[in-house]
Amino acid sequence: MTNAQAAHREKILVALSSVGAAVGLTSLKLVVGLLTGSLGILAEAAHSGLDLVAALMTLFAVRVADRPADASHHYGHGKAENLSAFLEAGLLMLTGAWVIYEAMRRLLYHVGHLDITLWAFGVMLVSIAVDSTRSRVLLRVARRLGSQALEADALHFSTDIWSSAVVIVGLLIVYLATSLHLPAWLENADAVAAIGVSGIVISVGLRLAKQTMDALLDRAPEGFVAQLQTAISNVEGVTDVRRVRVRRVGNKFFADVVIGAPRTHTFEQIHEVSEQVEQAALSCIRTLSPNNEIDMVVHVEPAASPRETVTDQIHYLAELQGLHAHDIHIREVDGYLEADFDIELHTDMDLHAAHAAATRLEQAILQGNARVSRVTTHLEAPNESIVPRDDVTGQNTDMAEQVQRIADETAGDGSTHDVHLYRVHSATNNHNGQQAERLDLVLHTTFDAHAPLSEVHVKAEEIKRSLRQAYPRLDSVVIHTEPRE
């Protein structure tokens, strides 16, 4: 049996036990009330009858509310609990009004006869014991499973304890007034007690009505949205929280959230931010209501981050226009910034179209950052062809060893390894008719693991210049830098 099935079964059992208790109490109070003529007990019998109706509605509601979402109820059936509680509140207030009407008739016109017996006290004491037990059971299960219908029932029955106590006090006063020949006006205590009971009933009904109306009209839970906004804003990667909307359906909260996130983030990073937002929301709901669930939809909108650099802005604006920017250089001149960089465009574009694309990017950068006063771009067509190469390292061992020595002069002795020389598969002839051998060079060098990347890059460029000076026939030179173990 799954946790959901076990929870549903427990809710049904506790609702059934409440129905059984309501049947017994209603029958007992009605019989004793008719035998004694106590309006207070009859009011309690009517109240218990209402409890029976309410318990039956709760039983029906919890059975329906746990049905999963379907094609016509996308948010599930949890509102059945709210509707049940609303109808229960209406019955409570109607019953309270009727009892007050009857009590006023007795006070003003002295209709009815009251016969106080031990049965009257006994039935009310039994009522208190039963209501106390079932209200505790209902409240425990309601809080653990997050059921609003069971929680409303628990609140309802807890007020029954106080109303029963008021009736006992009224009966006791009438009994003492009759037995000890006290002033006659004390014999109206039963009717006054009935009014007190009705006041409690109406008060509970109004409170239940407000709670259920809030749920039915999708009112946001008090204080929850503000706490949810705070929790989400503390998530790393969230630049701002733009909207939070929450509605409650049964024991589940549904929320849709709009946040801003750094526009330079990748899709995977944005997804990770949204996952962390959902976890923060879940932790927040667990703090406020440990047994409720939350179903959240997070919409992420791009936003400029305070940590965003000019280089980040250029990368972002270029990608936004379908271009790729690299080899970016930023310099400060007289308090303003100038940016130079390469952009890659489609190889089949003509110069006019390529220049127009570069101009649009330059204008976007200038408009996006007031500190940037000049942007210069170099147009490149990426080499997408695959050229065959021959590994000729074995035929050029002296050159490979010399390359290693030149690189070690900058990187340190023993830092250079994995030197590879490649020759174009079909070499061309030079002007003397001899074959011009152009070589590609790939090598690995190690540096201090804690050295700044900028420093490592400078040293790699220094190695590259030294190699080209020693071997002008080198075509491409790729230096892979890695930390020393």
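Of all the listed residues (Phe267, Phe253), the sole one being surrounded by 15 or more Cβ atoms within 10 Å (Cβ to Cβ) and outside the structural domain of Gly368 (by TED's automatic domain parsing) is Phe253. The residues of the range 365-392 that are farther than 30 Å from Glu437 by Cβ and either aliphatic (A, V, I, L, M) or in contact with a Leu (Cβ under 6 Å, 6 or more places away or on another chain) (or both), listed by number, are Ile365, Leu366, Ala370, Arg371, Val372, Val375, Leu379.
For the range 434-474, a residue qualifies if it is aromatic (Phe, Trp, Tyr) and not in a loop (DSSP other than H, G, I, E, B), and exactly one does: Phe447. Tell me whether the range 379-387 contains one or more residues that are in contact with a helix residue (DSSP H, G or I) (Cβ under 9 Å, 6 or more places away or on another chain) and modelled with pLDDT of 90 or more. Among the residues of the range 379-387, at least one is in contact with a helix residue (DSSP H, G or I) (Cβ under 9 Å, 6 or more places away or on another chain) and modelled with pLDDT of 90 or more, which makes the answer yes. Scanning the range 374-426 for residues that are at positive phi and not in a strand (DSSP E or B) turns up Gly412, Gly414. Residues in the range 320-375 that are at pLDDT 90 or above and β-branched (Val, Ile, Thr) were compared, and the one that is farthest from the chain's Cα centre (by Cα) is Val333.
If only residues of the range 208-248 that are aliphatic (A, V, I, L, M) and in a loop (DSSP other than H, G, I, E, B) are counted, the one that is nearest to Ala304 (Cα to Cα) is Val238.
The values are calculated or read from the model by the stated rules, or taken from the named source; none is laboratory data. Keep in mind it's a predicted model, so treat the numbers as computed, not measured. Methodologically, a virtual Cβ is constructed for each residue, glycine included, from the backbone with ideal geometry; neighbour enumeration extends over all protein chains shown.
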